[in-house]
Each structure stands twice: as structure tokens, then as C-alpha cells.
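So the structure is just underneath, and the comments pick up after that.
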Amino acid sequence: MMNRRNFLSFAGSALALSVIPMNLSAEDYRKSRPTVWEAHTIDDATKAMYGLKTPILSDKVKIKVPKINSSGGAVPVKFETSLDAKTIALFQDANPESAVAVYDVNIYDMKKYEVKIKMGASGTIMVLVEATDGKIYMAKVTTEVAAGGCEG
């Protein structure tokens, strides 16, 4: 016999599981698109990732990075989008390889990220969002690094 407390516990658990997206797969872009990770410029990396689509500068993609960083060992990068997106990619031009990360997302995901990246010198950081409409949207900022972070 099920009492009220057990029933509510069971119903709450079932409800919590029902709102979790069932598509929990991810693509390994290092295997499926290795040229993205080998590219030495942001342009080459974006072409390897998204083809010849021209990114559109958008206020729906936001990126925040300190203007000056005392060390390139851990540059804080915050980025987000309000677009319905398929992928969100982070690139920089201060290191030998430009790609930093690519995230697969869906409509249920919160598209707000905070990461720390290494930068060997001052440079540009760019976020590209592949929207569900098939277009590529972007935001970019430049940042200064007082001491490089890629020496070790």
C-alpha cells in the first residue's frame, strides 16, 4: 500500500525525469573535424567548423573579457546567447591553434558559459553561434595580456 508521502516522492521524481532532455549525445569534433583544432587562425578554424558561411555580428551573442589581464595563464571569458542554437564555438588568435571549445546545445540548454583560457599574448577572442535558422552569428573582443600563459 502506498502512502501519501511515498506517492508524492515518486511523482516528484517522475516529473523531474520527464523534463530532462532525452537527447544527451555529443559530437567529438576533434575526431569528426580535426582541421578545426589544427587551424592557426580564427578564419581558418571557423571555415573548418562552419564552411564558407559568413558570420553575422549580433547583439544576441555577448562576450565579456577583461580589457587587460595580468597573466595569460587564466583569462576569464564569459559568453552567452539568446538565440536558438545548435552549436556555440569559442576561438582566439593568441595561441598556435585557434579553437578553444565547441559546445553542442539544444533549446533546453542554458546558453551562458564562463571559462578560463590560456593566452600566450594579447589577442582577439571570438564566439560563434550556429543558430537553428542555419546562420552563423558572432561577437568578438580584444584583450591585452601582460604576461603570457602558454609557457608552462
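The values are calculated or read from the model by the stated rules, or taken from the named source; none is laboratory data. Just so it is clear, the structure is predicted and the values come from calculations on it, not from any experiment. Positions of Cβ are generated from backbone atoms using ideal geometry, with glycine treated the same way; all protein chains shown enter the neighbour counts.
In the set A139, A89, A101, which member is in contact with a Leu (Cβ under 8 Å, 6 or more places away or on another chain), farther than 20 Å from Y29 by Cβ and not in a loop (DSSP other than H, G, I, E, B)?
Being in contact with a Leu (Cβ under 8 Å, 6 or more places away or on another chain), farther than 20 Å from Y29 by Cβ and not in a loop (DSSP other than H, G, I, E, B) holds for just one of A139, A89, A101, which is A139.
Which condition breaks for M110 when tested against (1) surrounded by 14 or more Cβ atoms within 10 Å (Cβ to Cβ); (2) within 17 Å of the chain's Cα centre (by Cα); (3) without any contact (Cβ under 8 Å) to a residue 40 or more places away in the chain?
(1)
Hey, among V115, V127, which residue is surrounded by 14 or more Cβ atoms within 10 Å (Cβ to Cβ) and either in contact with a Leu (Cβ under 9 Å, 6 or more places away or on another chain) or farther than 26 Å from D28 by Cα (or both)?
Unique residue meeting the criteria: V127.
Output the residues belonging to region 42-81 that are at pLDDT below 95, assigned to a loop (DSSP other than H, G, I, E, B) and among the small types (G, A, S).
G51, S70, S71, G72, G73, A74
Write out, first by first residue and then by second, each pair whose Cβ atoms fall under 6 Å of each other, whose residues are 6+ apart or on separate chains, and whose first residue, in region 123-149, is in contact (Cβ under 8 Å) with a residue 12 or more places away in the chain while the second is exposed (fewer than 15 other Cβ atoms within 10 Å of the Cβ) and among the acidic types (D, E).
Between residues of region 123-149 that are in contact (Cβ under 8 Å) with a residue 12 or more places away in the chain and residues that are exposed (fewer than 15 other Cβ atoms within 10 Å of the Cβ) and among the acidic types (D, E), the close pairs are T132/D84.
When you check K86 against the structure, is it more than 22 Å from V36 (Cα to Cα), surrounded by fewer than 17 Cβ atoms within 10 Å (Cβ to Cβ) and at pLDDT 90 or above, yes or no?
Answer is no for this residue.
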